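Data block below; observations after.
The values are calculated or read from the model by the stated rules, or taken from the named source; none is laboratory data. Model, not experiment: these values are computed from the prediction. Cβ sites come from the backbone with ideal geometry, for glycine too, and all protein chains shown count toward neighbours.
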């Protein structure tokens, strides 16, 4: 009970931080993996668009990946207060 309540909450914060930070490398790794193995997906779609010089598709895919990255980081930041109640947003303003 003590381990679950006190130790696990403190140990989850760095783990969630690393997973959220590594999400960007997972997205860029999908480009390489899908290109090498010929799997259909966003990574292969981006490579084909680059080879065809289809700039609107490239911009849309990069924008989608950037928004996805920002949303994952936002979810990680919001999950901190759910995991550890001592972490709260200040919200009072100056």
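Brief remarks on what is shown
- First in region 60-85 and closer than 14 Å to residue 24 by Cβ, second anywhere and modelled with pLDDT under 90, Cβ under 6 Å, 6 or more apart: 65/27; 69/24; 72/20; 72/23; 73/20; 76/16; 76/20
- Of the helices (runs of 4 or more DSSP H) contained entirely in the chain, those carrying at least 1 residues that are surrounded by 10 or more Cβ atoms within 10 Å (Cβ to Cβ), under 15 Å from the mean Cα position of the chain (by Cα) and at pLDDT below 80 fall at 8-37.
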